[in-house]
Amino acid sequence: MIVIKSPEEIAVMRKASRIVAEVLDEVAMAVRPGITTDELDRLAERLTIEKGARTAFKGYKPRDVVYPKNLCVSINNEIVHGIPSGRKLRNGDIVGLDFGVVYKGFYGDAARTVPVGQASERAHRLMRVTREALYAGIAQARVGNRVGDIARAVQKVAEEAGFSVVEEFAGHGIGRRLHEDPQVPNYFKPGMPNPRLQEGMALAIEPMVNEGTADLEILDDGWTAVTADGKLSAHFEHSIAITANGPEILSEL
Ligand code: MF3
Ligand code: CO
């Protein structure tokens with residue numbers, strides 16, 4: 001069931017997503033060679049509390065293994081859900097930062113991938129294309145279109161650049177829960193559920209784009225998704241609302 005949000009509820013979600021964007025900005029600025037991913041996690045937690053919200057991912061338990069940290073930090077071949085640790089970032093890495101908060105009962109969720117120091121031209125192109133795929137998807141998030149229009153637009157940008165989209169994880173509705181209906185996949189196949197988009201829907205659109213194969217493996221920590229071929233992956237995500245005038249990006253400053 002897809003929950004439609006009132007303008008008042010969207011206003012609260014705007015604030016929740018704004019906090020996510022502000023925290024991601026500060027965490028991205030702290031990214032540098034030598035910093036540990038745990039330090040980034042603690043920074044995100046502290047800033048969130050200062051802003052009057054709470055972090056959304058810590059303690060989340062969709063399956064058997066609880067997510068233990070506040071931030072997801074996914075390095076190089078890690079696609080999503082990398083768990084912060086004592087690992088130090090190195091010059092030339094690319095790092096996906098995925099973060100969510102709860103504010104006055106509503107969730108905000110966003111992600112971006114940034115270079116650590118000087119990354120390769122190849123890595124920069126992957127990040128640029130993934131971000132463009134996200135924005136192409138967002139542009140389709142209009143009343144009268146369908147979820148599949150978002151999915152197709154994301155997939156087209158990624159595949160025309162010679163990259164592949166991850167199929168095991170999808171974007172999602174967002175609101176009083178982190179993951180609501182509908183699922184928002186980053187690829188389209190005939191016969192998929194394909195609901196029509198309506199005013200008042202709120203979606204988290206989140207392409208994960210791989211340099212090589214779309215196939216993935218999950219590490220023994222039960223969370224970290226890595227590319228099956230060890231090549232790079234990038235992830236960008238925004239929380240958006242569908243308005244009568246088109247998509248409103250809630251998690252952009
Ligand atoms: N943006 C991711 C998602 O929507 C983050 C979830 S991390 C988790 O699935 F720990 F909360 F699962
Ligand atoms: Co999400």
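Placing +1 on the Cβ of each Lys and Arg and -1 on the Cβ of each Asp and Glu in the chain, which of ALA111, THR36, VAL73 has its Cα farthest towards the positive end of the resulting dipole? Of the options given, the answer is ALA111. Distances between placed amide hydrogens fall under 5 Å for LEU197 paired with GLY144, ASN145, ARG146, VAL147, all partners being 5 or more residues away or on another chain. Taking other C-beta atoms within 10 angstrom as a stand-in for reagent exposure, GLU8, GLU26 fall in the order GLU8, GLU26, fewest first.
Going from the fewest other Cβ atoms within 10 Å to the most, the residues PHE106, PHE57 appear in the order PHE57, PHE106. Note on the chain: with a GNM built from Cα contacts shorter than 10 Å, the maximum mean-square fluctuation among ASN186, ASN210, ASN77 falls on ASN77. Look at ILE4, ILE240, ILE205, ILE83 and count the other Cβ atoms within 10 Å of each Cβ; fewest to most, that gives ILE4, ILE83, ILE240, ILE205. The relative contact order of the chain, computed from alpha carbon pairs under 8 Å that lie at least 6 residues apart in sequence, is 23 percent. Sorting the segments 119-127, 16-24, 144-152 by their mean number of nearby beta carbons within 10 angstrom, highest to lowest, gives 16-24, 144-152, 119-127. Taken along the Cα-to-beta-carbon direction at a fixed 7 Å, the label points for ARG46 and ALA30 span 0.6 nm. Determine the shape class of the chain: with a ≥ b ≥ c the square roots of the Cα gyration tensor eigenvalues, call it rounded for a/c under 1.5, and otherwise prolate if a/b is greater than b/c, oblate otherwise. In terms of gyration-tensor shape, oblate.
Per-residue 3J(HN,Hα) values for segment 175-189, derived from phi via the Karplus relation 6.51 cos²θ - 1.76 cosθ + 1.60 with θ = phi - 60°, read x, 6, 10, 5, 10, 10, 5, x, 5, 10, x, 9, 8, 10, 10 Hz in sequence order (x marks Gly and Pro). Taking the three principal axes of the alpha carbon atoms in segment 121-173, the coordinate ranges are 38, 22, 18 Å, sorted in descending order. The sum of -39500 (n - 2.57) across all DSSP H runs of n ≥ 4, divided by the residue count of the chain, sets its helix-only mean residue ellipticity at 222 nm to -9500 deg cm²/dmol.
With the simple model of a label 7 Å out from the Cα in the direction of the Cβ, LYS189 to ILE218 spans 1.9 nm. Positive contributions from Lys and Arg (+1) and negative ones from Asp and Glu (-1), summed over other residues with Cβ under 9 Å from the Cβ of ALA111, come out at -3.
Dipole check for segment 1-151: with +1 at the C-beta of Lys and Arg, -1 at the C-beta of Asp and Glu, and the Cα centre as origin, the magnitude is about 80 Debye.
Read the figures in this text as sums done on the coordinates, not as results from a lab. Just so it is clear, the structure is predicted and the values come from calculations on it, not from any experiment. Every residue, glycine among them, receives a Cβ derived from its backbone with ideal geometry; neighbour counts consider all protein chains shown.
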